[in-house]
Amino acid sequence: MKLTLEWHYHTPKHIETTFRSEELDIRLALRLAEDIEKTGRVKRLSFFDRDGSEWTKKEINKWIKQSEIGISDVVAFFDGGYDVDNKLAGIGNVVYYNQNRKDYRYRINARLEELESNNEAEYAAFYFLVQQLEQLEIRAMEVTFKGDSLVVLNQLSGEWPCYDELFNRWLDKIEEKLKELKIRPVYEPVSRKDNTEAHQLAKQALEGTPIESKLQL
């Protein structure tokens, strides 16, 4: 990971200017920032990645911690189901990832109220999935998202427009969370057959069976 450092500098006579570094290794950028702060002439220090997103020192330290524990190769599945009669939704998530050269699978489901349709359950399942990535400290990396909802995946990727106000609110929430976590999403639609685990979890949630497990494969 490389970042560009911007130093907003001011002199004792209140002359101000901004210096911008070349791209630096994230650890070097952090060390330089800490050294610059010791001068006492820093109005503001900013860090930017290649996509133009701004990073805080707290986010940089989290990224460094994550790189040390070695999370990579993240593939995340989602599915949502809806019981029209009871007006209940069941959502299921499965996350595969590698950590310190070991493969893991994390599974979780949940039953939700106050949703209106199966499509909304799919959006809720995706949003819940991104929240689980945050709990697993997965951030600032590429993540492949897989599901059998073409509506959700194609609207998130921008392939399909969304004219529904409710769904647009879900899209905004998801995109804001992905941006906050600095996750670079890859959207990959799959068949129901290839989404069996997430589908089963959503079904079990509707049946009132909560599941959460982490397994080394």
Item to check | Residue check, K87 in contact with a His (Cβ under 9 Å, 6 or more places away or on another chain) and either at pLDDT below 85 or open to solvent by 40 Å² or more (accessible area, probe 1.4 Å) (or both) | outcome: no
Next on the checklist: Taking the criterion of being of a type outside the set (A, V, I, L, M, F, W, C) and closer than 22 Å to Q66 by Cα, would at least one residue in the stretch 144-155 satisfy it?
Outcome noted: yes
Checklist outcome for this item: Inside the stretch 125-173, the number of residues satisfying the requirement of being touching a residue at least 24 places away in the same chain (Cβ under 8 Å) and farther than 18 Å from N195 by Cβ is 14
Checklist outcome for this item: Those residues of the stretch 1-17 which are in contact with a strand residue (DSSP E or B) (Cβ under 8 Å, 6 or more places away or on another chain) and either modelled with pLDDT of 85 or more or not hydroxyl-bearing (S, T, Y) (or both) amount to M1, K2, L3, T4, L5, E6, W7, H8, H10, E16
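Only one residue in L32, L45 is in contact with a helix residue (DSSP H, G or I) (Cβ under 6 Å, 6 or more places away or on another chain) and within 27 Å of I15 (Cα to Cα), so which one is that?
Sole residue among the options that is in contact with a helix residue (DSSP H, G or I) (Cβ under 6 Å, 6 or more places away or on another chain) and within 27 Å of I15 (Cα to Cα): L45.
Does S117 satisfy being among the polar types (S, T, N, Q) and either assigned by the TED database to the domain that holds K62 or in contact (Cβ under 8 Å) with a residue 60 or more places away in the chain (or both)? Reasoning before the result, please.
Values: among the polar types (S, T, N, Q): yes; either assigned by the TED database to the domain that holds K62 or in contact (Cβ under 8 Å) with a residue 60 or more places away in the chain (or both): no.
In short, no.
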Checklist entry - Which of (1) under 21 Å from the mean Cα position of the chain (by Cα); (2) surrounded by 16 or more Cβ atoms within 10 Å (Cβ to Cβ) is the odd one out, the single condition K65 does not satisfy? => result (2)
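Restricting the search to the stretch 42-52, which residues are surrounded by fewer than 16 Cβ atoms within 10 Å (Cβ to Cβ) and under 16 Å from E180 (Cβ atoms)?
Residues of the stretch 42-52 that are surrounded by fewer than 16 Cβ atoms within 10 Å (Cβ to Cβ), as a first pass: 42-44, 50-52.
Listed by number, the residues that qualify are D51, G52.
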Checklist entry - Which condition breaks for A121 when tested against (1) within 17 Å of the chain's Cα centre (by Cα); (2) under 17 Å from L156 (Cα atoms)? => result (1)
Checklist entry - Would the stretch 150-172 turn up any residue that is of a type in the set (V, I, T) and closer than 26 Å to Q99 by Cβ? => result no
Next on the checklist: Which of the numbered conditions does W55 fail, given that it passes all the others? Conditions: (1) under 16 Å from the mean Cα position of the chain (by Cα); (2) open to solvent by 40 Å² or more (accessible area, probe 1.4 Å); (3) not assigned by the TED database to the domain that holds P185.
Outcome noted: (2)
Checklist entry - Of the conditions (1) free of Cβ contacts under 8 Å to residues at least 40 places away in the same chain; (2) open to solvent by 40 Å² or more (accessible area, probe 1.4 Å); (3) outside any loop (DSSP other than H, G, I, E, B); (4) farther than 29 Å from E122 by Cα, D73 fails just one. Which one is it? => result (4)
Item to check | Qualifying positions in the stretch 12-38 - without any contact (Cβ under 8 Å) to a residue 24 or more places away in the chain and either open to solvent by less than 60 Å² (accessible area, probe 1.4 Å) or closer than 12 Å to I60 by Cα (or both) | outcome: S21, L24, L28, R31
Item to check | Per-region count, the stretch 84-126, residues within 23 Å of T144 (Cβ to Cβ), hydrophobic (A, V, I, L, M, F, W, C) and out of contact with any Asp or Glu (no Cβ under 8 Å at 6 or more places or on another chain) | outcome: 5
Item to check | Restricting the stretch 98-126 to residues that are open to solvent by 50 Å² or more (accessible area, probe 1.4 Å) and not in a strand (DSSP E or B), the residue that is nearest to Q204 (Cα to Cα) | outcome: N118
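The values are calculated or read from the model by the stated rules, or taken from the named source; none is laboratory data. All of these numbers come straight from a predicted model, not from anything done at the bench. Quick reminder, even Gly has a Cβ in these numbers, built from the backbone with ideal geometry, and neighbours come from all protein chains shown. Ligands, DNA and RNA are stripped out before the accessible areas are found, and what is left, the full protein with its side chains, is counted by its heavy atoms. Shrake-Rupley method; radii C 1.70, N 1.55, O 1.52, S 1.80 Å.
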